[in-house]
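Single-structure report; data block below.
The numbers here are math on the coordinates, done by the rules we state, and not lab data. Everything numeric here is computed off the predicted structure, so don't read it as measured data. Cβ placement follows ideal geometry from the backbone for every residue including glycine, while neighbour counts extend to all protein chains displayed.
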Amino acid sequence: MAVSQGGTGSGSRPSADDSGERRGRHLPPLGIQVLIALVLGVGLGLLTPNVAEHLKILGDAFIRLIQMAIIPLVFPLIVLSIARMQSTKALGRLAGKTILYFEIVTTAILVVTMLLATLAGLGKGANLASSAAADTSNIKTSLNLEQMFLEIIPKNVFDAFSQGNLLSVIFFAAFLGVALSRIGAKSGVMLDVLDALATAMFQIITWVVKLAPLAVLAFVAYNTAHYGWSLLARLAVFVVVFYVASLVVLLVVFPIVATIFHVPYFPLVRAISDLILLSFVTRSAEVVLAPLIKRLDEFGVDRKISSFTLPLGYSFNADGATMYEGLALVFLAHAYGVELTVPRLILAMLALILLTKGIAGVPSAAIVVLFSAAATIGLPPQGIAILLAIDFVVDMARTAVNVTGNSLASLVIAKSEGQFTSQQPQQELAAASSR
């Protein structure tokens, strides 16, 4: 079908496609457009802050357009990837292998991050008492693990769809996919409908992503005008350390993982570099989900693997968020003079390992996890509220690391399943990275 081949379902109007491609040739690649928008946004925010303050609505509208299509895209992709598995045994192997990989990598990143931050004394000497805390009245400050587990199982499927509860949608899609695989030929019509729906969602998101430079300009202009640079200066050490840690994960940890599993990491990064940049400036992994699946398809990853691992990774493989939460806890503990003894450090690690899994449906998930983990070692909640003030800065790197980590995970799982075709002409990789 069209989805399995990465098509757009627009073959019935070739002349429109051809004219669209000709128009597109006059524009620079998306990555260049985003960089230009980034520079213009900073200039606009600094020179005309009153105007820039009102541009956020354009960025919010862009995110909503993406969110509008995410659930209708993820649902059929999960169902199709499972229904087309050769057996339930193959599905169980894929799911088990994927979750095990997620657990090992995120746990390793968390442990290394917290140990290095503790040894380096991150946060010692920071004066947070004089900093103003952000408003956290609309954010949960604790997590009920039992309730969180139950909420994965939707009481009403349509309610889960309407609320955009990704974990519940994935849960139902997995059951439906298994059921369709069991009823044989009777599932043909349903699979065709879901295939067409997924293709249509890919097309919608392709249109919306073309508006990304406008959204980037709006977001950057607003953030520059609204927050300025004085706030960043007060917490500059944390921001710098987090960005350095992000680079270490991207340039050291992930390459080591790729070497262990014998997959081409740096060619992968080159092929998806514009999508990583787009997720960075928009602070949204959802924006790049659909184009990322298509790009991985072009790179040689079988679509039924990426369609399964990427959505699942949104909940269980948040490498950037895990690293941020580990650094934040150590930073706050040192800043407030809370001694991180070995038992307390182990307790904090265990809390984060448990709390960072499966929280995609929780609003402000990273902050909720921080509140919950901080309570286990006696940290004051106002410290977390202060970090909220710079969340827009660290969230950019956090999202980029998440997207890169999930892309690598898809590549690793595909290679282990024999569903990755590594022999690809270099010109195809170059063409993929320029789109």
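Between ASP192 and SER422, the simple label model (points 7 Å from Cα in the Cβ direction) yields a spacing of 4.0 nm. Full extension of the segment from ALA95 to VAL342, taken as 0.36 nm per residue of separation minus the current Cα-Cα distance, would add 85.5 nm. Extending 7 Å from Cα along the Cβ direction at HIS226 and again at GLU103 yields two label points whose distance is 3.9 nm.
Pairs from the list LYS155/LYS294; LYS97/LYS304; LYS89/LYS415; LYS210/LYS415; LYS89/LYS294 with a Cα-Cα gap above 22 Å: LYS155/LYS294; LYS210/LYS415; LYS89/LYS294. For region 45-108 and region 303-357, write down the distance between their C-alpha centroids in whole Å. First find each Cα centre; the distance between them is then 19 Å.
For region 153-240, applying the loop criterion from DSSP together with a ceiling of 10 other beta carbons within 10 Å to the chymotrypsin sites (Phe, Trp or Tyr not before Pro) yields TRP229. Here each label is just a point 7 Å from Cα along the line to Cβ, and for ALA179 and ARG64 those points are 3.3 nm apart.
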